[in-house]
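Inspection log for the structure reproduced underneath, given as structure tokens.
All of the numbers you see were taken from the coordinates with simple rules; none came from a lab. Given the structure is predicted, the values throughout are model-derived calculations rather than measurements. Don't worry about glycine lacking a Cβ; one is built from the backbone with ideal geometry, like all the others, and counts go over all protein chains shown.
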Amino acid sequence: MRPRSSAPRRGTPTPPRPPARPPSLRTGPRSTSSASAFSGRIAVLTSHGPMAHLSLYRKWRPQSFDDVVGQEPVTRTLRSAIASGRVAHAYLFSGHRGTGKTTTARILAKALNCERGPTPDPCNACEACRAIADGFSMDVIELDAASNRGIDEIREIRERVRLAPASGRYKVYILDEAHMLTTEAENALLKTLEEPPPHVVFVLVTTEPHRLPATILSRCQRFEFRRIPTAQVVERLRRIAEREGLSVSPGALHRIARAADGALRDAESVLDQLAASVAGPISEADVVRLLGLLEDEVVDALTEAVRTQDAATALRVASDLVEGGRDVRAVLRRLLGHFRDLLVLRVAQDPRGLVDAPEDRYPHLAEQARGFAPEALLRALSLLSAAEGEARWSAHPRLALELALLRLARPDLDPGLEGLRARVERLEQRLKTPQSPPRPEPAPPAPQPTSLGVDPPVSLEQAAARWPRVLEEVKAKRAYTFALLAEGQPAAVEAGRLVVRFPPGSEFALRTLEDPRHRGLVEHAVRAVLGSELRVQFVAPDGPASPPAAPRDPLVEQATHLLGPAVAFRPLDPEERS
Ligand SMILES: [Zn+2]
């Protein structure tokens, strides 16, 4: 038997042993899976006795049900059960890590054993309350199933539960990480749960209730601890900082809370670490640096690259991050959170309380969100979420990030239905808002079309002078088309055509640019910059100027005019016609 804290003889208090599992500070939100539970730790905080630094989360650990943050449904039900004497023999506290499960179990133990109880409001002053709070109580036995997995330990419990409590009314067994028990130990525990002595209360604590057998689950009254909402974590941190005399900026508190992902204990550990390492007021930049978080500017740059289909920029930013030592999964999680916020802002009437970002960023984020159709944001979430899962197991997590960004920025590369849908949605978006193109620019110094609809003539000099702006326009729309076009130069303007000449060795670019998607995009840019409806002809150097392309099908012309150049028309294969 290796209980977490030994019970010394009464009257000879000794300092508590270091806990079996020291609280750890993590680089960011962690999954609940035990496989990753201890990865990414950047510091360990632990108390080694009364003289050592007492971590904030221990110091400010809630001592009453009312102090527990963000778990009102749980504490309300427990309070009323205690008040009415309907206490169960076995409870299962499940939920995300760091959300107050073990803390609540200890408060329950105090409520049951307080000398002025049982009471929903333990006094925290009597000997029983103090012993439980300090971990000295002989009637509250905390076990860590991860290290007490064997059948012998559970057998010992089975024998000891027959004994009456040492001083209190109840013996309370708190079994942490209950899903880690071996099958034999589970069976032994089950036998105890089947015929529990009247003075015993079991509290099984787990982050993974699905790993417990149904036979045990069915004998427990179950409470689900939810992730603590960011706003409540912020408020709790603010109060702790105030009482500790720490100066922490609101932005910093928000950053800590968001990174903790609903785990108050993690948030408190981060605040602790900052208090120890930062001299003077704690700023948002301190948090970003300590946790290796993604700066808002980086997230904005990636979002903008996705919106403008600028895959090259997206990949460059990703490469900088990975080479700068950022954790790929942390990057993906941050992007996930960001796109989730954008979706909420895009669809919710009143996003307050639903968006994790601080409120002063709402206007900026709302502006970003308007650049996407809701369906596009959903697609982004599903792609990023899949990539995050992939990065967890992949030997090449970087590839997962890059592929996700590529597919986000270039839905036209995505062969699936989702990609097709994304293309259609972009088109619809464009049709709905003809007056506000995605990238607003000052009106080009180009001649405006006359009211008669006849384009003014454009000279070769004008075309050559404004060619760089055409290239920019193309680049903003699609980096690949820009790469193909970059070597070309206007060579002539004749008969409603702009002839663009390419240097030797440009056969591939010439051939590829004939694809209606590229050609359409270039012609669209020419029209936008030069203000003239010119056909573009791509020609090889010194070669005989190829004849102007055959006039297009009038139906295609009309459709292109209506839908814009981004839609691709190609002749149907004979098989497809039937
Ligand atoms: Zn008491």
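Which shape class, rounded, prolate or oblate, goes with the range 191-311 when its Cα gyration tensor gives a ≥ b ≥ c as root eigenvalues, a/c under 1.5 marks rounded, and past that a/b bigger than b/c marks prolate? Oblate, because a/c is 1.5 or more while a/b does not exceed b/c. Under the rule a/c < 1.5 gives rounded, and otherwise a/b versus b/c splits prolate from oblate, where does the range 71-145 land using the Cα gyration tensor? In terms of gyration-tensor shape, oblate. The alpha-carbon of K477 sits under 28 angstrom from the alpha-carbons of these lysines, leaving out residues fewer than 8 places away in its chain: K432. Restriction of the GluC sites (Glu not before Pro) in the range 239-314 to DSSP coil positions whose beta-carbon has at most 14 other beta-carbons within 10 angstrom yields E295.
Each label was represented as a point 7 Å from its Cα along the Cα-to-Cβ direction; for E235 and A464 these points are 6.9 nm apart. Would you give the gap between the C-alpha center of the range 201-271 and the C-alpha center of the range 146-188, rounded to a whole Å? Answer, in whole Å: 26.
With neighbours defined as other Cβ atoms within 10 Å of a residue's Cβ, the residues L193, L332 order from fewest to most as L193, L332. Label-to-label distance for S218 and E115 is 4.4 nm, based on points extended 7 Å past Cα in the beta-carbon direction. Bridgeable lysines around K110 (alpha carbons under 22 Å apart, same-chain partners fewer than 8 residues away excluded): K59, K101, K171. Residues R340, R316, arranged from fewest to most other Cβ atoms within 10 angstrom of their Cβ, appear as R316, R340.
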